[in-house]
Amino acid sequence: MQRLQQNRLLTILFRHLAAFLCVAAATLLLLITQPYLEIQFIALIYLLPVMISAAVWGLSPGVLAGFLAFLAFNYYFIAPNFTLLVHKSQDLITLIVFLVVSVVTGQLIGRARQGEQAAQSREREATRMYELSSALAGLQEPETIARELAQHTLETFDCDQVKTTIHANKDQVAQTITVPPDSALTRPADLFVPLRTARGLEGAMQIWKERLPLSPVENRLMETYASQGALALERVRLTKSENKARVLEESDQLKSSLLNSVSHELRTPLAAIKASVSFLRSGSLDEYSPASQELLATIEEETDALNLLVGNLLDMSRIESGALKPQPRWNSLSEIAMTVIAKMRKQLQNHRLDFHFPENLPLVPTDYVMISQVFTNLISNSVKYAPPDTTIQLLARVEGDEVHVQVTNQGPPVPEESLDRIFDKFYRITAADRITGTGLGLSICKGIIDRHGGRIWAENQTDCFAFHFTLPLTLDGARPLSPKEASDEQRSADTDR
């Protein structure tokens with residue numbers, strides 16, 4: 001610190017000495033050229049070293065140059081020469097005016113220079129703050145924030161080393177970042193700056209710097225750096241707490257929705273199964289009587305419903321965890337759809353089915369089981385919402401490099417604001433007591449189609465409601481075969497064997 005004060009003192013002395021030499025040089029030049037100059041020109045020329053000193057070295061050297069110029073002007077150029085006495089009142093007025101003008105000029109120029117330096121300092125300060133704020137704005141990890149803060153501090157204040165420490169809390173562990181990382185200073189830190197916010201202490205910076213103490217401007221900038229770093233750390237901590245709270249809230253909502261849906265869907269088939277089994281075990285019916293067969297059929301149907309419910313829950317879990325990975329093979333969509341329709345014939349007995357799949361529809365790279373699930377869920381949804389004795393239609397056509405499948409029913413239209421949300425988990429448009437289901441079927445369809453690289457959406461049409469989905473026709477760049485070509489190829493392969 002003593003060495004720094006000595007350096008500052010030497011700098012001040014040098015500036016004042018420079019102002020003195022500037023006036024001396026001007027006096028020497030004027031003494032040489034005195035025979036050719038009027039006294040007014042000499043007074044004007046003496047203003048030059050005053051202006052130069054104030055502009056180059058500051059206010060104090062400029063004022064000193066003004067007084068020195070006044071004395072030199074009086075001593076060398078005002079009669080009687082080589083004395084500070086003044087015989088003529090006119091010369092006295094000239095000297096007084098010159099003194100006032102030189103001092104005022106030095107002050108004005110010096111203050112203008114100080115103002116310029118202050119403006120430049122504020123500009124540098126604002127630029128540095130903008131750079132730091134921009135660097136910290138998008139960061140989401142405390143370690144990265146600490147490293148960025150330490151790096152900017154090192155560059156801005158010309159430090160030897162900066163060490164940033166993040167205090168531990170329930171959301172994060174304590175961390176220490178040193179910049180530069182390979183620095184090995186063993187002496188104690190020269191400056192300790194806490195990273196403090198209104199909520200408490202977030203961490204601290206330890207700074208190794210030879211040139212101390214900091215100037216008032218540097219002190220202000222350092223405090224602002226520490227404040228910005230602390231706020232960035234607090235922002236990350238609060239953001240993580242908010243995200244955690246939101247996840248917990250969403251998890252609680254999903255749990256409630258799941259319990260409500262599953263409890264309703266489990267209670268009905270379990271009650272039917274329990275009643276049927278109890279009646280059969282009572283022995284009041286013959287084992288092969290039509291009533292017994294009907295009860296057994298009820299048990300089988302309700303067991304299938306339970307199996308579908310559990311399967312949907314497992315499929316949704318696999319989709320969310322990323323474990324759902326299709327195994328695409330060249331399959332016929334027509335065959336998949338007809339197989340699903342055959343299994344759902346009892347559900348479809350109160351509806352007319354209109355099936356339009358072209359015979360030359362090419363094979364599609366799909367996972368057979370997953371696409372069967374898509375058809376099952378879409379047809380099941382249509383059965384639930386379409387009135388009895390109405391038509392459910394299945395269409396398919398090729399559009400460019402995709403096959404477009406459409407499942408339509410004559411159910412009621414869906415509000416426009418709900419069209420995008422019907423593929424969300426547990427989203428139900430109608431009350432659960434009116435339409436059975438868990439609200440997972442369409443979500444599973446979306447997950448499966450997305451995994452296949454296709455698209456799925458719903459729309460209200462003029463006299464019906466339609467589900468659409470598309471699937472790509474290429475597999476690893478290979479174009480599909482038509483069913484006839486596939487059969488011929490398979491027949492040729494069997495012949496070769």
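The values are calculated or read from the model by the stated rules, or taken from the named source; none is laboratory data. Keep in mind the model is a prediction, meaning the values are calculated, not measured. All Cβ positions, glycine included, derive from the backbone under ideal geometry; neighbour counts span all protein chains shown.
General observations
- Yes/no for VAL340 being in the same structural domain as HIS452 (by TED's automatic domain parsing), surrounded by fewer than 18 Cβ atoms within 10 Å (Cβ to Cβ), over 19 Å from GLU459 (Cα atoms) and hydrophobic (A, V, I, L, M, F, W, C): no
- Looking across the stretch 380-429 at every residue that is part of a loop (DSSP other than H, G, I, E, B) and of a type in the set (Val, Ile, Thr), the one that is modelled with the lowest pLDDT is identified as ILE429.
- Just one of the listed residues (LYS209, LYS240) is basic (Lys, Arg) and closer than 30 Å to ALA118 by Cα, namely LYS209.
- Matching residues in the stretch 186-211 - criterion: being among the acidic types (Asp, Glu) and in a strand (DSSP E or B): GLU202
- Picking from residues in the stretch 143-169 that are in a helix (DSSP H, G or I) and surrounded by fewer than 18 Cβ atoms within 10 Å (Cβ to Cβ), the one that is farthest from the chain's Cα centre (by Cα) is GLU155.
- Condition met for LEU353 (under 19 Å from ARG455 (Cα atoms), surrounded by fewer than 18 Cβ atoms within 10 Å (Cβ to Cβ) and either modelled with pLDDT of 90 or more or in contact with a strand residue (DSSP E or B) (Cβ under 6 Å, 6 or more places away or on another chain) (or both)): no
One line per residue, one yes/no per condition, for (1) part of a helix (DSSP H, G or I); (2) at pLDDT 75 or above; (3) of a type in the set (Val, Ile, Thr):
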{"residue": "GLN90", "(1), (2), (3)": "yes, no, no"}
{"residue": "VAL101", "(1), (2), (3)": "yes, no, yes"}
{"residue": "GLU123", "(1), (2), (3)": "yes, yes, no"}
{"residue": "GLU131", "(1), (2), (3)": "yes, yes, no"}
